[in-house]
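Undergrad: Take this structure, written in structure tokens, and hold onto it; I'll ask about it next.
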Amino acid sequence: MEIQRLVVEEPQSTFTLDLHAGLTVAFHENPAMRSRCLSLLVHALGPASAGHHLEIIDNDHRHLVVFRPLHGASQVIDVDAGAEVTDEFRTPQGLDVLSWVGMGADRAAHVLRLGARQLDRGFDTGTDDHPLARRLAALDQARLWAAADDVVRTRAELDAAHNDLPGAELADVEAFEKLAELHDETVDHLREHRPVQRIGPLLTAVCVAIGLVLTALHDRVGDNAFTADALLLLAAVSAAVTVGDRFMMWRIRRQERAVLAPHGVTRFDRLAATVGPMADPLLRQTLIEADRAHAAARADWEALTDGASLPWVLAYRRQIEALAIRKTELRRLGSHRLAAEDSMAADAARVLVDRVIELRGLGARHERLPLLLDDPFAGLAPAEVQQLLATVHRLASYHQIVLVTGDPYIQAWATQSPSAASLQFVRLGRLDVPTSSASTAASGAISGPEPFAGPGAGPEPAGGTPTDVLASGH
């Protein structure tokens, strides 16, 4: 929604304020006058009293005039269609634009207006640890949440693996896995040496038997002493190999028994019978791999976030994601330098961007309402003010902003800087007008081709040109 004009009609005077579609800078030295200007805007949006008139353009591009005469019935007119749409805005308290948007008057006063005090308090991250939230929002969000999801997923897989082995501690499972690996190595050794265990003794016996026969029959069959000695030597070698293999197997079994002894058994199959589901190698391997995957995910998370608490991060995930979006908006609408800083000016810029984002989609209609800045940069150094004015100017390129100030520096910026051509400067002034002229100015919204045109309405301000607005004697 864009507010084009505000007219406040009183018995002896009138107050008229024309607003730019982007940025309007209204200047007055008196803080009471500045505060009254913004209060009138908020009040006219709500269930205002008679004499408070508005000219607005809603999100559907309807040109509407909210007319509340001092005498007579209030009306809302669609100027372009030439139709009355009063019923859309009628409430028991009167014509209420805020209620039509879906916002109460109290909340509107808090959300629409932004002053130096709110900027000084800084950007509310919505968490209980602002520095951590900002630091996480500055990270690559895809990588951040992928790492968080990996930790959550691997934790769930680890819990599922623990459920398949109820009551089993990971240390016990790993210890049993080592025993199982040792047993498997023993079985493999036995399998590899099984031919030696079978053929060695048989070959030894055959060689010995043939050698003895040839030795006994050497007188009959000739001199076979060399052959017999060779066979006996072969039998000795075969016997040595067999004995060595037997000794090696004995040592392997002895090593396995030594490892099993603390568990009160001498055979692995007896131990396996006592551990229940842990004896299943698939369940053991699943648990161990799940633990390794979870440890790796935790290590990645710790390295990425510098040890941030995952439960805390998940609890504030929505706020951190919103902060990241606002940081992107600040980089686009403010400046890359401010987006990367954590200075007072950067924090104030975040507040401005956040408030504009909040005002761009209010209520079920997702209507936007203007941002009203009440001398927001009081107390800041000129360099910081310059940075924030640049941010405000960029924000005003896609959202209506009214900046009311008494700062001569901002006045000079609004009237003399190169950006003056794209904003409207208004000098809040005071002028008494006859009631009849004020009524004519307001009623022109209903019948005249130019809404609110008439005596006392004041000239149409030009962008960047100082313009006095009519004000009642307050």
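Nothing in this text is a laboratory measurement; each read-out follows from the coordinates by a stated rule. All of these numbers come straight from a predicted model, not from anything done at the bench. Cβ coordinates were reconstructed from backbone atoms using ideal geometry, including for glycine residues, and neighbour counts include every protein chain displayed.
Undergrad: Set the Förster distance to 56 Å, then compute FRET efficiency between A240 and A315 from the Cβ-Cβ distance, nearest 0.05.
TA: Rounded to the nearest 0.05, the efficiency is 0.15.
Undergrad: If you don't mind, another one. First select every other residue whose beta carbon is under 12 angstrom from the beta carbon of I56; then total the charges, Lys and Arg +1, Asp and Glu -1.
TA: Neighbourhood net charge equals -3.
Undergrad: Under a plain spin-label model, where a point goes 7 Å from the Cα along Cα-to-Cβ, how far apart in nm are N59 and Q386?
TA: 3.9
Undergrad: Give the long-range amide H neighbours of F425: residues separated by 5 or more places, or on another chain, with amide H under 5 Å away, using H modelled in the peptide plane at 1.01 Å from N.
TA: Under 5 Å from the amide H of F425: V25, G464, T465.
Undergrad: Further, regarding this structure: Give, as ranges by residue number, the residues of segment 300-315 whose backbone N falls under 20 Å from the point 7 Å along Cα→Cβ of R143.
TA: Only 300-310, 313-314 fall inside the zone, counting backbone N under 20 Å.
Undergrad: To the nearest 0.05, what FRET efficiency results for A296 and I357 with a Förster distance of 45 Å applied to their C-beta separation?
TA: E(calc), rounded to 0.05, equals 0.75.
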